[in-house]
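Working notes, structure below.
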């Protein structure tokens, strides 16, 4: 990476790097259900009792709540693929050109 910076400095290029937050805006491809347990299940059930009334209960003294999710759930392989696809599509819409040799690099002429 430092070699890239040296080359870019020699070519008088402007470099901008940024981190991307973990909030995902991609929708899941399939119907995905999650099982929430304990305090988290109690908190979700209290948010809207009309929605979670049929999916909330107790098993062996522990609260459980089943829920369907529409948006990608972080730390899953499908979420990573959906996020990459959404990111690349968005960058191309903004005029960035993907690097043929390194798919993690997108360039824009200023």
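Would you confirm, using the coordinates I've provided, whether residue 64 is at pLDDT 75 or above and in contact with a helix residue (DSSP H, G or I) (Cβ under 8 Å, 6 or more places away or on another chain)?
yes
Select from the stretch 6-29 the residues that are on the phi < 0 side of the Ramachandran plot and modelled with pLDDT of 75 or more and list them in ascending order. Even if it seems obvious, please write down each step before you answer.
Kept after step one, since they are on the phi < 0 side of the Ramachandran plot, are these residues of the stretch 6-29: 6-11, 13-29.
If the condition is that a residue be on the phi < 0 side of the Ramachandran plot and modelled with pLDDT of 75 or more, then 6, 7, 8, 9, 10, 11, 13 are the ones that fit.
Each row is one residue, and each column tells you yes or no for (1) assigned to a helix (DSSP H, G or I); (2) loosely packed, with under 10 Cβ neighbours inside 10 Å; (3) out of contact with any strand residue (DSSP E or B) (no Cβ under 8 Å at 6 or more places or on another chain).
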| position | (1), (2), (3) |
| --- | --- |
| 45 | yes, no, no |
| 67 | no, no, no |
| 78 | yes, no, no |
| 83 | yes, no, yes |
| 86 | yes, no, yes |
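Being surrounded by 10 or more Cβ atoms within 10 Å (Cβ to Cβ) and assigned to a helix (DSSP H, G or I) is the filter here; which residues of the stretch 90-110 pass it?
Residues satisfying the conditions are 90, 91, 92.
What are the pairs with Cβ atoms under 7 angstrom where one residue, in the stretch 74-102, is at positive phi and modelled with pLDDT of 85 or more and the other, located anywhere, is assigned to a helix (DSSP H, G or I) and loosely packed, with under 14 Cβ neighbours inside 10 Å? Sequence gap at least six, or different chains.
Close Cβ pairs (under 7 Å, with a partner that is assigned to a helix (DSSP H, G or I) and loosely packed, with under 14 Cβ neighbours inside 10 Å) do not exist here.
The values are calculated or read from the model by the stated rules, or taken from the named source; none is laboratory data. It should be emphasised that the depicted structure is a prediction, and the values quoted were computed from it without experimental measurement. FYI the Cβ positions are ideal-geometry reconstructions off the backbone, even for glycines, and counts take in every protein chain you see.
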